[in-house]
Amino acid sequence: MAEVTIYINGRSYDISCDNGQEGRIVDLASYIDQRLQQISRAGAAYNDAHLMVLTSLVLADELFDARSGQGEVPASALRATRGAPVPAAAPQSSISKEEEQAVLNVLEQITKRIEGVASRVLQAS
């Protein structure tokens with residue numbers, strides 16, 4: 001198992017992943033952060049926890065659309081911050097199970113952190 005530090009919304013997160021998947025995890029985190037910043041600029045969220053939940057919903061919606069073949073994620077939205085352009089989403093058949101699982105693992109870890117933050121916010125109110 002490898003570990004990589006990712007940055008989302010100005011915060012760092014240590015994420016465990018399979019050996020060799022570190023670059024992919026960094027790219028996924030960069031994409032998540034880009035989408036989060038777009039949602040933040042739109043003023044759709046009223047706090048960080050809400051912003052993370054909205055971003056998760058948008059990403060899940062994109063994933064569901066890609067799985068059902070109803071659409072593709074625009075290439076401009078998929079540009080990794082590491083500078084290398086990422087091609088537009090391809091049909092589901094070209095998405096490997098490993099890549100899909102990596103996305104799901106990152107989303108699951110982020111969801112758990114969001115739930116923890118939301119729980120602490122509710123307890124503090």
In the stretch 47-70, anything within 11 Å of I32 (Cβ to Cβ) and either hydrophobic (A, V, I, L, M, F, W, C) or in contact with a strand residue (DSSP E or B) (Cβ under 7 Å, 6 or more places away or on another chain) (or both) is listed as M52, V58, L59
Of N9, N19, the only residue that is over 15 Å from the mean Cα position of the chain (by Cα) and modelled with pLDDT of 90 or more is N19
When R11 is run through (1) closer than 17 Å to T111 by Cα; (2) surrounded by 12 or more Cβ atoms within 10 Å (Cβ to Cβ), the failure sits at (2)
Note on the stretch 108-125: residues touching a residue at least 40 places away in the same chain (Cβ under 8 Å) and of a type outside the set (S, T, N, Q) are I110, R113, I114, V117, A118, V121
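The values are calculated or read from the model by the stated rules, or taken from the named source; none is laboratory data. It should be emphasised that the depicted structure is a prediction, and the values quoted were computed from it without experimental measurement. For neighbour counting, all protein chains shown are included, and Cβ atoms are generated from backbone atoms with ideal geometry for every residue, glycine included.
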